[in-house]
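In what follows, a single structure is set out as structure tokens and then discussed.
The values are calculated or read from the model by the stated rules, or taken from the named source; none is laboratory data. All figures in this text were calculated on a predicted structure; none of them were measured in a lab. Because the Cβ atoms are built from the backbone with ideal geometry, glycine has one as well, and the counts that use them run over all protein chains shown.
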Amino acid sequence: MAEKKSIIPKTIRANIVKTAGIAAIKPRDPDEVFDELFRDIQTAEIFNDNKIFIDLIPKKSPLLIMRAYRLERKRPDFDLADFVGRHFYNLEKHHGRTQTTPNTDVETYITELWQELTVTNRRNRGSLLALPYEYVVPGGRFQEQFYWDTYFIMLGLAHEKQWSLVEGMIKNYTYMIRRFGFIPTANRSYFLSRSQPPFFSHMIELLAKHRGKYTVVEYLPYLLKERQFWMRGQSTLKNEFSATRRVVRLGDKTLVNRYFDNRSSPRPDTYIQDTSRAATTPEDYHSTMYLHLRAAAESGWDFSSRWFKDPHDINTIHTTDIVPVDLNCLLYHLESMIADAYRLIKQERLAKTYKTAAKRRAAAIERYCWDEQRQFYYDYDFVEKQRTSSDTLAAIFPLYVGIASKQQAAAVAHKLEKDFLKLGGLVTTLVSNDQQWDSPNGWAPLHHIAIESLRRYGYSELAETIRERWLATNQLVFDTHRKFIEKYDVIAPGKLGGGGEYELQDGFGWTNGVFEILLADNDTPQI
């Protein structure tokens, strides 16, 4: 009997084989490689940012550097800063020409800035990991291809028809999926224990608008691997309201997800901040606190009162207890896209499997995150078995992926206009503290998502108001400072955003991308 011909295209079958069973050797983190040298440098605060040292490039093998350090540090005249200068290349990048001349208009500025922020790195350089294609970095201290930043950068690049650059960055992610089994926060060795909000399926959707619907089939193996990463360990959960890794089992046996990190130690890029916070807590709690801090870093909202029991005290952080509404909406989108891809290749049984998974997740978001009394979406604390009290812009995500009812969308739109909308745009939460993902800051990605969500449900007038105020805020800072920045004060437009663990960054990738697409977009995406 003749062998039955596969209905899956040969290129897709080849990709499935390539992504199956890959066991990558994980590069070691700088805090592991340089051990006490790392701790001594960070503790001595030779650099004003903990990220600087771990991004330096060793002039010789770490083994030889550590051997030299252990000998030289015994000398009475030993100078730690001098040692670092002799053994590491301080190739602190020209972080992009973030400022421009007074007569340059904002659109020209953004187009030129894309060139400044585009990087090629095809070999490992210290903690920076090689990628096969060029990519756009956010800017400032962020000289890597960051996961969720990249989607919003892509929006601007797509507007400029830079599709080869867009697809190259997607292929960098497929490369990392093949090598590491998932998409890390960014291509640094010290980011390989966690991911970020999973916008990969949105990237594929963006590319498919340009290349056609079968694009999702081409990338199906990687979409599957992305979901596999987030669902790893699901079969071990036998008890209700239990969790392992990034998977949570709720009371009705529904599986949902949380943010997590595979390590429970201080983050190398914020070593001083993490160890200082832990020092105020009992020693047996340190590893737990580090895990909560790292999980919040995976969320991209690092940090926000949404992760705290006391909204004004970061020491009450409990990220891994929380089922985030935005994360699960993004995974709903991923599962729905997998179902669509299987349907395109006539694999109806598999399409139904993933469609059912998506429906179950949507039902869980409805049951556990929608609060009928408060008429808003909230994160769910599965340890306390109740919704959190934090009002945040994460509530817009069910509208973004289309799982909110018309009544729910109306309630969310009303609350956005009543409580979140300020003179300069949308405030991220209603809590004012020193955290950057709280009031008074507004962020480009959340503005894009809010505008798209409101348009989807017919709230075009509110969407336009938000769009105009956000663009005006960006323009005001540009007119004054001749640059774009990472985040903005939306309560006092023209004032720079603040808070957080590092200085305000210029550039800035996702600000540029969202501004560009919104400026050209009066109603629907122009790509």
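Residues in region 473-494 that are assigned to a helix (DSSP H, G or I) and within 22 Å of the chain's Cα centre (by Cα): Asn474 only. Selection of region 412-430 for residues being crowded, with 20+ Cβ neighbours inside 10 Å and either among the aromatic types (Phe, Trp, Tyr) or in contact with a Lys or Arg (Cβ under 9 Å, 6 or more places away or on another chain) (or both) yields Phe420, Gly424, Gly425, Leu426, Thr428, Thr429. Count of region 194-227 residues, restricted to those that are closer than 23 Å to Trp301 by Cβ and either among the aliphatic types (A, V, I, L, M) or modelled with pLDDT under 95 (or both), is 2. For region 37-67, taking the residues that are more than 18 Å from Phe78 (Cα to Cα) and basic (Lys, Arg), the one that is surrounded by the most Cβ atoms within 10 Å (Cβ to Cβ) is identified as Lys51. Across region 315-332, a minimum of one residue is classified as among the hydrophobic types (A, V, I, L, M, F, W, C), in a helix (DSSP H, G or I) and either out of contact with any Lys or Arg (no Cβ under 9 Å at 6 or more places or on another chain) or free of Cβ contacts under 8 Å to residues at least 12 places away in the same chain (or both).
Of the strands (runs of 3 or more DSSP E) that lie entirely inside region 191-286, those containing 1 or more residues that are under 27 Å from Lys171 (Cα atoms) and either over 21 Å from the mean Cα position of the chain (by Cα) or among the polar types (S, T, N, Q) (or both) span 255-257.
Does region 291-311 contain at least one residue that is surrounded by fewer than 24 Cβ atoms within 10 Å (Cβ to Cβ), within 29 Å of Ala363 (Cβ to Cβ), of a type outside the set (Gly, Ala, Ser) and touching a Leu at 6+ places or on another chain (Cβ under 6 Å)? Scanning region 291-311, I find no residue that is surrounded by fewer than 24 Cβ atoms within 10 Å (Cβ to Cβ), within 29 Å of Ala363 (Cβ to Cβ), of a type outside the set (Gly, Ala, Ser) and touching a Leu at 6+ places or on another chain (Cβ under 6 Å), so the answer is no.
Within region 49-73, residues that are over 11 Å from Arg86 (Cβ atoms) reach partners that are among the polar types (S, T, N, Q) and assigned to a helix (DSSP H, G or I) with beta carbons closer than 6 Å, at six or more positions or on different chains, in the pairs Asn50/Gln42; Asn50/Thr270. Entry remark, region 118-167: residues being small (Gly, Ala, Ser), crowded, with 18+ Cβ neighbours inside 10 Å and within 21 Å of the chain's Cα centre (by Cα) number 5 in total. Kindly establish whether Gly140 is at pLDDT below 95 and on the phi > 0 side of the Ramachandran plot. Judged against the criteria, Gly140 is a match. In region 401-425, which residues are more than 21 Å from Thr511 (Cβ to Cβ), of a type in the set (A, V, I, L, M), part of a helix (DSSP H, G or I) and within 26 Å of the chain's Cα centre (by Cα)? Passing the criteria: Ala409, Val412, Ala413.
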